[in-house]
1. How much of Met258 can a 1.4 Å solvent probe reach, expressed as accessible area in Å² and rounded to 10?
2. Identify, among Leu192, Leu92, Phe63, the residue whose Cα sits farthest towards the positive end of the charge dipole of the chain, taking +1 on the Cβ of Lys and Arg and -1 on the Cβ of Asp and Glu, with the dipole about the Cα centre.
3. How fast does the stretch 83-202 diffuse by Stokes-Einstein, in µm²/s, taking the Kirkwood radius from C-alpha pairs at 10 °C and 1.306 mPa s?
4. Between the helical axis of 76-88 and the dominant principal axis of the chain, each derived from Cα atoms, what acute angle in degrees is found, rounded to the nearest 10?
5. Based on Cα positions only, what radius of gyration and what Dmax would you give for the stretch 136-277, in angstroms?
6. Quick one: which residues, 5+ away or cross-chain, put their amide H under 5 Å from the amide H of Met118? H built at 1.01 Å from N.
7. Name the long-range amide H neighbours of Lys184: under 5 Å, sequence gap of 5 or more, or other chain; modelled H, no Pro or chain starts.
8. With each run of n ≥ 4 DSSP H residues scored as -39500 (n - 2.57), what mean residue ellipticity at 222 nm is computed for the chain after dividing by its residue count and rounding to the nearest 500 deg cm²/dmol?
Amino acid sequence: MTKKIKNIIVLTLVLAIIAIIFTGCSKETGSVKDEGIKTSLDKIKDSGKIVLGTSPDYPPYEFHKEINGKDNIVGFDIAIAEEIAKDLGVKLEIKSMEFGGLLADLKTSKVDFVLAGMTPDAERAKEVDFSNIYYNAEHGLVINKKDIDKYKEIADLKGKNIGVQKGAIQEDIAKEQIESPQIKALGKVSNLMLELSTGKIDAVVVEQPVAQAYVKNNDALHATDIVFKDEDGGSAVAVRKENEELLEAINKTIERLMKENKIEEFVINANEMMDNE
Ligand code: ARG
């Protein structure tokens, strides 16, 4: 090899190394490094949309409503989700499913967040992260109007057929607070109410605002004054674990909505939407 060729090879190598070092440095602050640490919040912002998982059988939290001949999912959870999307500068996309499947779909990234009147209990908190509580409600009981005199307190429910939503905490609540209940767990609250009005079950345990909502639309049903205890109470937004940025953003929106008394307003709006069915 002539000296000239050797020099050319060395020079090329040196230039190549310099080039590598340079691009490496610029990437440090540029796109490639960002690619590596892209948070789910970055991904949401890049895609221009955030996908909500919800179970629209729970008025006034979330429910179906026909507007101008088109089916819509509305409710105060949806109004909150819209605000979260707005604060992030992205569009809200809604995926609806049965309540019992929500956390699995969240964990497998089919949805980015969940609002479904979900109680942040310790068991779920092992699998997903929860925002601060944005709404509080107690657990109540729906029965048939004709049974008003029969079911006055929890003790009267002993051995009765009790309807609960599959995967919801009401299943545990009913098992723990009612004596030897016959539990019937169904995927949808709307189907529980159907079973109740056709006499297949004796009572349904749901959050009180939901009890009121179903009773409003069905003259044969009655929401009792019975209240079940629940230490974990309240609703929170769920996100996948290690989504700190997204969770922080969601908490900021919740904090703003609470400060502006917006959540109360959304609840009133949702109840009004049910009225003009
Ligand atoms: N708060 C209860 C729970 O977290 C029930 C929520 C049911 N929500 C619904 N959209 N169906 O288990």
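1. 90
2. Leu92
3. Rounded to a whole number, D works out at 96 µm²/s.
4. 10
5. In order Rg, Dmax, the Cα atoms of the stretch 136-277 give 17.1, 52 Å.
6. Amide H neighbours of Met118: Ala236.
7. Amide H neighbours of Lys184, under 5 Å, 5+ apart: Ile162, Gly163, Val164.
8. -13000 deg cm²/dmol
The values are calculated or read from the model by the stated rules, or taken from the named source; none is laboratory data. Small disclaimer: the values here were computed from a predicted structure and weren't measured. Cβ coordinates were reconstructed from backbone atoms using ideal geometry, including for glycine residues, and neighbour counts include every protein chain displayed. Please note that ligands, DNA and RNA were not included when accessible areas were found on the heavy atoms of the full protein model with its side chains. Shrake-Rupley method; radii C 1.70, N 1.55, O 1.52, S 1.80 Å.
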